[in-house]
Amino acid sequence: MNIINPATEEIIATLEPDNKASALHKYELLKKSFHSWRQTKLTERIDIMKNYASILEKNIEACACILTTEVGKPLQQSRNEIKGAIQRILWLCDNAPAVYRQEWMRQDASFKEYIDYEPLGTICNISAWNYPYLVGINVYVPALLAGNTVAYKPSEYALLSGLQMQKLLYSAGLPENVFQVIVGDKHIGEELLNLNFDGYFFTGSYSTGKYIYEKVAYKMVPCQLELGGKDPLYVADDVSDITSVARSAADGAFYNNGQSCCSVERIYVHENIYEPFLHEFIQEVASYKIGLPTEQGVYIGPLTRRAQIPFLEEQIQDALNKGAKIMLGGKRIDRKGYYFEPTVLVEVNHEMRIMREESFGPVIGIMKVKDDEHAIELMNDTEYGLTGSVYSANIERAQHIFSKLNTGTVYWNCCDRVSPALPWSGRKHSGIGSTLSFAGLRAFVQPKAFHLKPA
Ligand code: NAD
């Protein structure tokens, strides 16, 4: 498999992918090691993961360089990703003991009742490329802490980072036979669905997630899905500082080139402040430095995948055909690498694909709304349900909107943000289940109920 640098289109590495036999071998290794791994003390597993966090910290530059070279994100954003991953590991380590402890429910002379939380077994983690450290760690760290063994399949676009994570985990003291990277694309992913894993944890698109969910249903094992989004942001007319709101919204839409599940993908602005907001937003986006992701100060690098360019062009053409107007950008950039201009569209509506389909690129539609109820109606008019943001000076006004939004996360005066302490969960086509938080630790264990009657 050739690994291509999306900024230069050069081949940076060639890897031998796994095949059916090697994937089976890794699976059997992991299955065999489960019983000894689950019997290690939780404190020992925590020590290994804390050690991994400190090794990541020491290797931040090396990891960020590999990440930038294979996915094209600006170097500073790669560093930020790894720093965020370290914080998540530490949070998960600090909170695992409370979540995995035995729970006593009744203890008297006639009866005892308690719950043990046992690991699921050997789990399969099929992952995405856009934040390989963050989305990988969301799954394999709590899975390993809970005593599971893990087959981790990084995306074919983030394989070098996947292998780097494996190397650092091993150097942190993780036994090799409890964590194995599976190298390859969707064909090897498909092979993993045919093996009898004790749980499937997937991060990626709705279409693949739906396929996997259906394919493994008969196995009756947990299948958790973290899928896409079409996340809306609403700017109410009481915001005090339109410039800073426009900057924050633009960052939410264009950070990582819009390739985040929780990127802002649609903006609704109260008609009273629409014109000044649009002016500030365009000023901000026009100021972004475009260039090689390794260059100082670059905010927009290449897209990770070449195929995204014609996809964005089609979405934009569809919008133009239906009456949209381009305020900025709108086309691929004529240079080596998968570059696309940051694009702002107005006079958009919900007949257009750009307002309904996940774009996963540096493209945003901005729409004028007459009041909060109009905004709520449009924000909910989507098959996705990941996040929704409201910018307003008034928390009650925002809370009223939040009570009507069908999303797993809501943001007041912020966006495109994840906290290790809060559940990361989608509704509707954005997925099933949660990572992070207590819920994301609990996702990797199963309860066993003990009813003990003294003889
Ligand atoms: P994708 O669905 O194309 O691929 C994801 C993974 O699935 C890859 O490892 C791929 O090799 C594998 N795969 C593809 N077909 C398969 C099959 N038939 N059987 C088994 N495995 C298969 O998604 P992507 O392009 O890597 O990621 C982008 C998507 O991920 C976006 O929709 C984004 O919103 C979503 N995402 C969601 C979250 C979240 O937390 N909700 C986080 C990051 C990304």
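The values are calculated or read from the model by the stated rules, or taken from the named source; none is laboratory data. Quick caveat, the model's predicted, so the values are computed rather than measured. Counting neighbours? That spans all protein chains shown, and the Cβs are built from the backbone with ideal geometry, glycine included. Just so you know, the surface numbers come from the protein's heavy atoms only, side chains and all, with ligands and any DNA or RNA stripped out. Shrake-Rupley method; radii C 1.70, N 1.55, O 1.52, S 1.80 Å.
Details
- Percentage, to the nearest whole number, of Cα pairs in the chain over 37 Å apart: 28 percent
- Helical contribution to [θ] at 222 nm, DSSP H n ≥ 4, -39,500 (n - 2.57), averaged over the chain, rounded to 500: -13000 deg cm²/dmol
- Diffusion constant of the range 14-76 at 37 °C, which comes from Stokes-Einstein with the Kirkwood Cα-pair radius and 0.692 mPa s, µm²/s: 218 µm²/s
- Bridge orientation summary for the range 231-412: considering DSSP beta bridges with both residues in this region, about 15 percent are antiparallel.
- Dipole axis of the range 231-412 (+1 Lys, Arg; -1 Asp, Glu on Cβ), positive-most option in 400, 362, 324: 362
- About its Cα centre, the dipole of the chain is roughly 1380 debye, where the only charges are +1 on Lys and Arg Cβ and -1 on Asp and Glu Cβ.
- Residues residue 108 and residue 370, FRET efficiency given R0 of 45 Å [Cβ-Cβ distance, rounded to 0.05]: 0.10
- Residue pairs, from the table 32/219; 186/219; 31/73; 26/186; 368/404, whose Cα atoms sit over 28 Å apart: 31/73
- Selected from 154, 426, 290, residue furthest toward positive end of dipole (the chain; charges at beta carbon): 154
- Across the accessible surface of the range 90-203, with the other protein chains kept in place and a 1.4 Å probe, carbon and sulfur atoms take up 49 percent.
- Each peptide in 160-166, 359-365, 308-314 gets a packing score, the mean of other Cβ atoms within 10 Å over its residues, and the list from highest to lowest is 359-365, 160-166, 308-314.
- Within-11-Å neighbourhood charge of residue 184 [Cβ basis; K, R +1; D, E -1]: -3
- Projected label points at residue 393 and residue 326, each 7 Å from Cα along the beta carbon direction, are separated by 3.8 nanometres.
- Accessible surface of the range 231-412 [probe 1.4 Å, protein heavy atoms]: carbon and sulfur percent: 47 percent
- Summed over the residues of the range 296-392 and divided among them, the accessible surface reaches 41 Å² per residue at a probe radius of 1.4 Å.
- Of all DSSP beta bridges in the chain, antiparallel share, percent nearest 5: 40 percent
- The range 33-55-the range 423-455 distance, computed between alpha-carbon centres (Å): 20 Å
- Separation of alpha-carbon centers, the range 300-327 and the range 267-292, rounded to whole Å: 18 Å
- Put simply, when 413-423, 345-355 are sorted by average Cβ atoms within 10 angstrom per residue, most first, you get 345-355, 413-423.
- Those lysines that a straight Cα-Cα span of less than 16 Å connects to residue 453, excepting residues fewer than 8 apart in one chain: 112
- The value of relative contact order for the chain, using C-alpha pairs under 8 Å at least six residues apart, is 19 percent.
- Relative contact order of the range 231-412: 27 percent, from C-alpha pairs under 8 Å at least 6 residues apart in sequence.
- Prolate/oblate/rounded label for the range 321-455 (Cα gyration tensor, a/c 1.5): prolate
- Across all C-alpha atoms in the range 231-412, the radius of gyration and Dmax reach 15.6, 49 Å.
- Accessible surface computed residue by residue for the range 73-207, with neighbouring protein chains in place and a 1.4 Å probe, gives 32 Å² per residue.
- Counting 0.36 nm for each residue step from residue 238 to residue 186 and taking away their Cα separation leaves a gain of 13.9 nm.
- Pairwise FRET efficiency - residue 167 versus residue 219, Cβ, R0 = 25 Å, nearest 0.05: 0.20
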